[in-house]
Amino acid sequence: MSSRRKFIKKIAVVGATAPFISNVKAKENNNKGPIIICSRGNEWGEKVLKPGWDILSNNGDLLDAVEKSANITELDPSDTSVGYGGLPNENGIVQLDASIMYGPTHNCGSVGALEGIKTPCSVARLVMERTDHIHIMGKGAQDFARAHGFKIENLLTEKSRKIWLRWKENVSDKDDWFPSKNNDYDKKRTTGTINVLAVDSNNDVAGITTTSGLAYKIPGRVGDSPIIGAGLYVDNEVGAAGATGRGEEILRTCGSFFVVEQMRNGKTPQQACEALCKRIIDINGGPKNVDFNDKIVALGKDGSVGCASITGREGLEPELAYWSNNGFNVLKGTYLIEV
Ligand code: GLY
(Lines give C-alpha, C1' and ligand atoms only; values in the text may rest on other atoms or scores of the structure.)
Protein backbone atom coordinates (compact mmCIF):
# COMPACT_ATOMS: atom_id res chain seq x y z
CA MET A 1 0.00 0.00 0.00
CA SER A 2 1.36 3.39 -0.95
CA SER A 3 2.43 5.74 1.80
CA ARG A 4 0.58 8.48 -0.09
CA ARG A 5 -2.70 7.17 1.24
CA LYS A 6 -2.05 8.32 4.74
CA PHE A 7 -1.92 11.89 3.46
CA ILE A 8 -5.52 11.79 2.37
CA LYS A 9 -7.41 14.20 4.56
CA LYS A 10 -10.96 14.32 3.34
CA ILE A 11 -13.30 13.72 0.51
CA ALA A 12 -15.12 16.75 -0.75
CA VAL A 13 -15.22 18.84 -3.83
CA VAL A 14 -12.53 21.35 -3.08
CA GLY A 15 -10.44 23.84 -4.98
CA ALA A 16 -10.58 27.50 -4.18
CA THR A 17 -10.87 28.41 -7.78
CA ALA A 18 -13.85 26.23 -8.61
CA PRO A 19 -16.10 29.25 -9.21
CA PHE A 20 -13.92 30.24 -12.15
CA ILE A 21 -15.03 27.09 -13.89
CA SER A 22 -18.68 27.99 -13.74
CA ASN A 23 -17.79 31.51 -14.79
CA VAL A 24 -16.68 30.44 -18.22
CA LYS A 25 -20.05 29.25 -19.43
CA ALA A 26 -20.59 30.56 -22.92
CA LYS A 27 -23.57 32.72 -22.08
CA GLU A 28 -21.96 34.36 -19.08
CA ASN A 29 -18.77 35.20 -20.93
CA ASN A 30 -20.32 35.86 -24.32
CA ASN A 31 -18.12 33.05 -25.46
CA LYS A 32 -19.85 32.73 -28.82
CA GLY A 33 -18.10 31.14 -31.73
CA PRO A 34 -15.17 28.80 -31.64
CA ILE A 35 -13.37 27.56 -28.56
CA ILE A 36 -10.46 25.13 -28.18
CA ILE A 37 -9.29 23.67 -24.87
CA CYS A 38 -6.49 21.41 -23.67
CA SER A 39 -5.74 19.57 -20.44
CA ARG A 40 -2.63 21.60 -19.65
CA GLY A 41 -2.16 24.91 -17.86
CA ASN A 42 0.09 27.85 -18.53
CA GLU A 43 3.31 26.04 -19.27
CA TRP A 44 1.93 24.27 -22.34
CA GLY A 45 -1.55 25.67 -22.90
CA GLU A 46 -0.74 28.69 -25.02
CA LYS A 47 1.72 27.04 -27.37
CA VAL A 48 -0.50 23.98 -27.79
CA LEU A 49 -3.69 25.93 -28.46
CA LYS A 50 -2.27 28.67 -30.71
CA PRO A 51 -2.18 26.70 -34.00
CA GLY A 52 -5.66 25.32 -33.35
CA TRP A 53 -7.03 28.73 -32.46
CA ASP A 54 -5.44 30.30 -35.58
CA ILE A 55 -7.26 27.71 -37.71
CA LEU A 56 -10.62 27.96 -35.90
CA SER A 57 -10.66 31.75 -35.76
CA ASN A 58 -10.13 31.84 -39.54
CA ASN A 59 -13.04 29.46 -40.11
CA GLY A 60 -10.61 26.65 -40.87
CA ASP A 61 -11.16 22.94 -40.55
CA LEU A 62 -12.11 21.67 -37.08
CA LEU A 63 -10.09 18.45 -37.39
CA ASP A 64 -7.03 20.34 -38.63
CA ALA A 65 -7.36 22.58 -35.56
CA VAL A 66 -7.33 19.78 -32.97
CA GLU A 67 -4.65 17.83 -34.88
CA LYS A 68 -2.23 20.75 -35.28
CA SER A 69 -2.60 21.62 -31.60
CA ALA A 70 -2.04 18.04 -30.44
CA ASN A 71 0.97 17.72 -32.78
CA ILE A 72 2.74 20.49 -30.80
CA THR A 73 3.14 18.25 -27.75
CA GLU A 74 3.73 15.11 -29.81
CA LEU A 75 6.67 16.70 -31.64
CA ASP A 76 8.25 18.36 -28.59
CA PRO A 77 10.96 16.11 -27.09
CA SER A 78 10.93 18.02 -23.80
CA ASP A 79 7.57 16.45 -22.87
CA THR A 80 8.20 12.89 -21.63
CA SER A 81 4.57 11.80 -21.63
CA VAL A 82 3.43 12.33 -25.23
CA GLY A 83 4.86 11.49 -28.67
CA TYR A 84 8.57 11.97 -29.48
CA GLY A 85 10.58 11.81 -26.24
CA GLY A 86 7.84 9.96 -24.35
CA LEU A 87 8.98 7.53 -21.65
CA PRO A 88 9.30 3.99 -23.02
CA ASN A 89 7.91 0.61 -21.99
CA GLU A 90 9.85 -1.76 -19.72
CA ASN A 91 12.08 -2.78 -22.65
CA GLY A 92 13.05 0.82 -23.46
CA ILE A 93 10.79 1.04 -26.55
CA VAL A 94 8.46 4.04 -26.91
CA GLN A 95 4.90 2.88 -27.71
CA LEU A 96 2.31 5.57 -28.38
CA ASP A 97 -1.51 5.63 -28.10
CA ALA A 98 -3.84 8.24 -29.66
CA SER A 99 -7.46 8.75 -30.68
CA ILE A 100 -9.56 11.26 -32.56
CA MET A 101 -13.33 11.72 -32.80
CA TYR A 102 -15.42 13.98 -35.05
CA GLY A 103 -18.86 15.06 -33.87
CA PRO A 104 -20.70 15.71 -37.18
CA THR A 105 -20.20 12.12 -38.42
CA HIS A 106 -19.75 10.48 -34.98
CA ASN A 107 -16.76 8.81 -36.61
CA CYS A 108 -13.50 8.05 -34.84
CA GLY A 109 -10.10 6.42 -35.23
CA SER A 110 -7.24 5.36 -33.03
CA VAL A 111 -3.84 3.73 -32.84
CA GLY A 112 -2.32 1.86 -29.90
CA ALA A 113 1.19 0.62 -29.03
CA LEU A 114 2.45 2.42 -32.15
CA GLU A 115 6.25 2.49 -32.47
CA GLY A 116 8.46 4.86 -34.45
CA ILE A 117 5.95 7.55 -35.47
CA LYS A 118 6.19 10.95 -33.81
CA THR A 119 2.60 12.06 -34.44
CA PRO A 120 0.22 9.19 -33.55
CA CYS A 121 -2.87 11.42 -33.56
CA SER A 122 -2.28 12.13 -37.26
CA VAL A 123 -2.22 8.37 -37.90
CA ALA A 124 -5.42 8.01 -35.84
CA ARG A 125 -7.02 10.63 -38.08
CA LEU A 126 -6.09 8.58 -41.16
CA VAL A 127 -7.57 5.46 -39.55
CA MET A 128 -10.80 7.44 -39.18
CA GLU A 129 -10.77 9.03 -42.63
CA ARG A 130 -9.14 6.38 -44.82
CA THR A 131 -10.26 3.03 -43.41
CA ASP A 132 -13.41 1.23 -42.40
CA HIS A 133 -11.85 0.47 -38.99
CA ILE A 134 -11.61 2.32 -35.69
CA HIS A 135 -8.70 0.82 -33.70
CA ILE A 136 -5.40 -0.33 -35.27
CA MET A 137 -2.70 -1.50 -32.87
CA GLY A 138 0.99 -2.37 -32.79
CA LYS A 139 2.83 -3.49 -35.93
CA GLY A 140 -0.34 -3.13 -38.00
CA ALA A 141 -0.61 0.53 -37.01
CA GLN A 142 3.03 1.14 -37.95
CA ASP A 143 2.59 -0.61 -41.33
CA PHE A 144 -0.51 1.47 -41.94
CA ALA A 145 1.37 4.68 -41.09
CA ARG A 146 4.30 3.70 -43.35
CA ALA A 147 1.85 3.05 -46.20
CA HIS A 148 0.65 6.63 -45.77
CA GLY A 149 4.19 8.01 -46.02
CA PHE A 150 5.08 8.44 -42.33
CA LYS A 151 8.78 8.14 -41.51
CA ILE A 152 9.79 5.50 -38.96
CA GLU A 153 12.14 7.17 -36.44
CA ASN A 154 13.73 6.46 -33.08
CA LEU A 155 11.43 8.17 -30.55
CA LEU A 156 13.67 7.55 -27.53
CA THR A 157 15.55 10.75 -26.70
CA GLU A 158 18.67 10.76 -24.53
CA LYS A 159 16.62 12.37 -21.75
CA SER A 160 14.01 9.59 -21.81
CA ARG A 161 16.62 6.83 -22.21
CA LYS A 162 18.43 8.03 -19.07
CA ILE A 163 15.19 8.24 -17.04
CA TRP A 164 14.27 4.70 -18.22
CA LEU A 165 17.78 3.39 -17.40
CA ARG A 166 17.54 4.76 -13.84
CA TRP A 167 14.22 2.92 -13.46
CA LYS A 168 15.68 -0.29 -14.95
CA GLU A 169 18.66 -0.22 -12.62
CA ASN A 170 16.57 0.50 -9.52
CA VAL A 171 13.45 -1.54 -10.15
CA SER A 172 14.72 -4.63 -8.36
CA ASP A 173 17.60 -5.65 -6.10
CA LYS A 174 17.22 -9.24 -7.32
CA ASP A 175 18.53 -8.71 -10.85
CA ASP A 176 21.93 -7.95 -12.33
CA TRP A 177 21.45 -4.26 -13.11
CA PHE A 178 23.29 -1.91 -10.72
CA PRO A 179 22.55 1.78 -10.31
CA SER A 180 25.36 4.25 -10.97
CA LYS A 181 27.30 5.73 -8.04
CA ASN A 182 25.44 9.03 -8.35
CA ASN A 183 22.04 7.41 -8.20
CA ASP A 184 19.50 10.20 -8.68
CA TYR A 185 16.54 7.87 -9.17
CA ASP A 186 13.14 9.52 -8.86
CA LYS A 187 10.58 6.86 -7.93
CA LYS A 188 7.69 8.90 -9.31
CA ARG A 189 6.23 7.09 -12.30
CA THR A 190 5.48 9.84 -14.78
CA THR A 191 2.05 10.05 -16.33
CA GLY A 192 1.03 12.74 -18.75
CA THR A 193 -1.13 12.63 -21.87
CA ILE A 194 -2.93 15.55 -23.47
CA ASN A 195 -6.55 16.08 -24.50
CA VAL A 196 -7.46 18.73 -27.07
CA LEU A 197 -11.19 19.43 -27.53
CA ALA A 198 -12.84 22.08 -29.73
CA VAL A 199 -16.11 23.57 -30.93
CA ASP A 200 -16.01 25.48 -34.23
CA SER A 201 -18.16 28.38 -35.44
CA ASN A 202 -20.68 25.91 -36.94
CA ASN A 203 -21.07 24.55 -33.41
CA ASP A 204 -19.51 21.22 -34.37
CA VAL A 205 -17.36 19.35 -31.85
CA ALA A 206 -14.15 17.28 -32.16
CA GLY A 207 -11.39 15.99 -29.93
CA ILE A 208 -8.04 14.21 -29.67
CA THR A 209 -6.24 12.35 -26.89
CA THR A 210 -2.56 11.43 -27.33
CA THR A 211 0.03 9.87 -25.01
CA SER A 212 3.08 7.67 -24.59
CA GLY A 213 1.06 5.95 -21.87
CA LEU A 214 2.23 4.60 -18.57
CA ALA A 215 6.01 4.79 -18.21
CA TYR A 216 7.73 1.36 -18.14
CA LYS A 217 4.50 -0.45 -19.00
CA ILE A 218 4.47 -4.08 -20.10
CA PRO A 219 5.10 -4.06 -23.87
CA GLY A 220 1.81 -4.03 -25.75
CA ARG A 221 -0.15 -2.48 -22.88
CA VAL A 222 -2.84 -0.18 -24.25
CA GLY A 223 -4.27 2.48 -21.95
CA ASP A 224 -7.45 4.51 -22.09
CA SER A 225 -6.23 7.10 -24.61
CA PRO A 226 -6.88 5.14 -27.82
CA ILE A 227 -10.12 3.59 -26.59
CA ILE A 228 -13.15 5.54 -27.74
CA GLY A 229 -15.40 6.26 -24.76
CA ALA A 230 -12.52 5.88 -22.30
CA GLY A 231 -9.77 8.46 -22.98
CA LEU A 232 -11.93 10.43 -25.42
CA TYR A 233 -15.56 10.82 -26.39
CA VAL A 234 -17.37 13.35 -28.56
CA ASP A 235 -21.09 13.77 -29.15
CA ASN A 236 -22.09 16.54 -31.51
CA GLU A 237 -25.36 17.15 -29.64
CA VAL A 238 -23.68 17.53 -26.26
CA GLY A 239 -19.91 18.19 -26.29
CA ALA A 240 -16.72 16.29 -25.57
CA ALA A 241 -14.61 14.87 -22.76
CA GLY A 242 -11.07 13.59 -22.43
CA ALA A 243 -9.09 11.92 -19.65
CA THR A 244 -5.52 11.80 -18.39
CA GLY A 245 -3.94 9.88 -15.53
CA ARG A 246 -4.23 6.20 -14.61
CA GLY A 247 -5.83 4.74 -17.72
CA GLU A 248 -7.02 1.50 -16.16
CA GLU A 249 -9.50 3.42 -13.96
CA ILE A 250 -10.80 5.40 -16.93
CA LEU A 251 -11.15 2.19 -18.96
CA ARG A 252 -13.22 0.37 -16.36
CA THR A 253 -15.59 3.31 -15.96
CA CYS A 254 -15.86 4.17 -19.70
CA GLY A 255 -14.81 7.56 -18.34
CA SER A 256 -15.23 10.03 -21.20
CA PHE A 257 -18.49 8.44 -22.36
CA PHE A 258 -19.75 8.59 -18.77
CA VAL A 259 -18.97 12.32 -18.58
CA VAL A 260 -20.63 13.19 -21.90
CA GLU A 261 -23.74 11.18 -20.94
CA GLN A 262 -23.91 13.03 -17.60
CA MET A 263 -23.83 16.28 -19.59
CA ARG A 264 -26.57 15.00 -21.89
CA ASN A 265 -28.68 14.37 -18.78
CA GLY A 266 -28.31 17.95 -17.60
CA LYS A 267 -25.09 18.19 -15.61
CA THR A 268 -22.70 21.02 -16.40
CA PRO A 269 -19.29 19.89 -17.72
CA GLN A 270 -17.86 20.68 -14.28
CA GLN A 271 -20.47 18.58 -12.45
CA ALA A 272 -19.99 15.77 -14.96
CA CYS A 273 -16.19 15.70 -14.47
CA GLU A 274 -16.64 15.60 -10.70
CA ALA A 275 -19.22 12.80 -11.05
CA LEU A 276 -16.66 10.63 -12.87
CA CYS A 277 -14.01 11.27 -10.22
CA LYS A 278 -16.53 10.27 -7.55
CA ARG A 279 -17.49 7.12 -9.47
CA ILE A 280 -13.84 6.06 -9.70
CA ILE A 281 -13.33 6.61 -5.97
CA ASP A 282 -16.53 4.65 -5.22
CA ILE A 283 -15.63 1.61 -7.34
CA ASN A 284 -12.28 1.50 -5.55
CA GLY A 285 -14.03 1.25 -2.19
CA GLY A 286 -13.46 4.85 -1.10
CA PRO A 287 -10.58 7.32 -0.68
CA LYS A 288 -8.54 4.97 1.53
CA ASN A 289 -7.87 2.75 -1.49
CA VAL A 290 -6.94 5.52 -3.91
CA ASP A 291 -3.20 5.86 -4.52
CA PHE A 292 -3.42 7.15 -8.08
CA ASN A 293 -4.79 10.16 -9.90
CA ASP A 294 -7.01 10.79 -12.90
CA LYS A 295 -8.07 14.08 -14.39
CA ILE A 296 -10.96 14.74 -16.73
CA VAL A 297 -11.71 17.79 -18.87
CA ALA A 298 -14.98 18.48 -20.67
CA LEU A 299 -16.32 20.99 -23.16
CA GLY A 300 -20.01 21.67 -23.66
CA LYS A 301 -21.34 22.54 -27.10
CA ASP A 302 -22.22 25.97 -25.66
CA GLY A 303 -18.56 26.66 -24.79
CA SER A 304 -18.88 25.80 -21.10
CA VAL A 305 -15.94 23.84 -19.67
CA GLY A 306 -15.18 21.53 -16.76
CA CYS A 307 -12.05 20.13 -15.15
CA ALA A 308 -11.70 17.85 -12.11
CA SER A 309 -9.20 15.41 -10.71
CA ILE A 310 -9.39 12.72 -8.07
CA THR A 311 -6.57 14.12 -5.92
CA GLY A 312 -5.02 17.54 -5.49
CA ARG A 313 -4.30 20.29 -3.04
CA GLU A 314 -4.15 24.04 -2.95
CA GLY A 315 -1.57 25.17 -5.46
CA LEU A 316 -1.80 21.83 -7.24
CA GLU A 317 -5.32 22.03 -8.62
CA PRO A 318 -6.06 20.40 -11.99
CA GLU A 319 -5.90 22.91 -14.82
CA LEU A 320 -7.15 23.38 -18.33
CA ALA A 321 -6.37 26.07 -20.87
CA TYR A 322 -8.81 27.49 -23.39
CA TRP A 323 -8.71 29.91 -26.29
CA SER A 324 -11.86 31.62 -27.50
CA ASN A 325 -12.92 35.04 -28.73
CA ASN A 326 -12.19 36.14 -25.15
CA GLY A 327 -8.52 35.27 -25.66
CA PHE A 328 -6.30 32.72 -23.94
CA ASN A 329 -7.16 31.68 -20.38
CA VAL A 330 -6.14 29.09 -17.83
CA LEU A 331 -8.72 27.72 -15.42
CA LYS A 332 -8.19 25.80 -12.24
CA GLY A 333 -10.59 22.92 -11.63
CA THR A 334 -11.60 20.96 -8.56
CA TYR A 335 -10.32 17.81 -6.84
CA LEU A 336 -12.13 15.38 -4.59
CA ILE A 337 -9.39 14.07 -2.30
CA GLU A 338 -6.89 16.40 -0.72
CA VAL A 339 -3.41 14.90 -0.57
N1 GLY B 1 -4.02 7.85 -19.43
C2 GLY B 1 -2.88 7.40 -20.10
C3 GLY B 1 -2.58 5.99 -19.86
O4 GLY B 1 -2.93 5.43 -18.83
O5 GLY B 1 -2.00 5.38 -20.72
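The values are calculated or read from the model by the stated rules, or taken from the named source; none is laboratory data. All of these numbers come straight from a predicted model, not from anything done at the bench. Here the Cβ is made from the backbone with ideal geometry for all residues, glycine too, and neighbour counts use every protein chain on show. These accessible areas exclude ligands, DNA and RNA; they are computed on the full protein's heavy atoms, side chains included. Shrake-Rupley method; radii C 1.70, N 1.55, O 1.52, S 1.80 Å.
Pick out, in residue order, every one of the GluC sites (Glu not before Pro) in region 232-324 that is DSSP loop and has at most 14 other C-beta atoms within 10 Å; say none if there are none. Please report the intermediate quantities before stating the final value.
Details: sites: Glu237, Glu248, Glu249, Glu261, Glu274, Glu314, Glu319; in loops: Glu237, Glu314.
Sparse-neighbourhood loop GluC sites (Glu not before Pro): Glu237, Glu314.
Among the listed pairs Lys188/Lys267; Lys118/Lys168; Lys181/Lys332, which are separated by more than 30 Å between their Cα atoms?
From Lys188/Lys267; Lys118/Lys168; Lys181/Lys332, over 30 Å: Lys188/Lys267; Lys181/Lys332.
Could you look at the chain and say what percent of its accessible area is carbon and sulfur, using a 1.4 Å probe and all protein chains? It would help to have the intermediate numbers written out before the result.
Details: 7080 of 14360 Å².
Whole-percent figure for carbon plus sulfur exposure: 49.
Which values of log₁₀ I(q)/I(0), to two decimal places, follow from the Debye formula for the chain at q = 0.06, 0.15 Å⁻¹ with a uniform point scatterer at every Cα?
-0.19, -1.21
Rounded to whole Å and sorted largest first, list the principal axis extents of the Cα atoms in region 47-117.
Dimensions of region 47-117 along the principal axes of its Cα atoms: 44, 27, 14 Å.
Could you pull out the chymotrypsin sites (Phe, Trp or Tyr not before Pro) across region 39-118 that fall in loop regions by DSSP (anything but H, G, I, E, B) with no more than 15 other Cβ atoms inside 10 Å? Don't skip to the end; give the middle numbers.
Numbers: sites: Trp44, Trp53, Tyr84, Tyr102; in loops: Tyr84.
Filter output for region 39-118: empty list.
Test of understanding: what is the full-extension gain from Asn284 to Phe328, defined as 0.36 nm times their sequence separation minus their Cα-Cα distance?
Additional length available on full extension: 12.2 nm.
Taking the chain as a Gaussian network, where each spring joins two C-alpha atoms under 10 Å apart, which residue of Ser225, Ser172, Ser256 fluctuates the most?
The residue with the greatest mean-square fluctuation here is Ser172.
Among Val234, Ala113, Ile250, whose Cα lies farthest out toward the positive end of the dipole of the chain, if unit charges sit on the beta carbon of Lys, Arg (+1) and Asp, Glu (-1)?
Ile250
When the helices in the chain are scored as -39500 (n - 2.57) per DSSP H run of 4 or longer and the sum is shared across all residues, what 222 nm value do you end up with, to the nearest 500 deg cm²/dmol?
-9000 deg cm²/dmol
For region 118-135, just list the computed ³J(HN,Hα) in residue order, Karplus coefficients 6.51, -1.76 and 1.60, θ = phi - 60°, integers in Hz, with x standing in for Gly and Pro.
Each residue of region 118-135 in turn: 6, 10, x, 5, 6, 6, 4, 5, 5, 4, 5, 8, 10, 9, 9, 10, 10, 10 Hz.
Measuring with a 1.4 Å probe in the full set of protein chains, what accessible area per residue, in whole Å², belongs to the chain?
Solvent-accessible surface per residue comes out at 42 Å².
Between Asn42 and Thr105, take the C-beta separation as r, use R0 = 51 Å, and let me know the FRET efficiency to the nearest 0.05.
0.90
For region 39-186, restrict the atom set to alpha-carbon positions and state the Rg and Dmax in Å.
Radius of gyration, then largest Cα-Cα span, for region 39-186: 17.7, 59 Å.
Which residues in region 248-270 place their backbone N less than 17 Å from a point set 7 Å from the Cα of Arg189 along the Cα-to-Cβ direction?
What the label zone holds, given the 17 Å backbone N cut-off, is 248-252.
Which one, Val290, Val305, Val171, has the greatest fluctuation when you compute a Gaussian network model over the chain with C-alpha springs under 10 angstrom?
Val171
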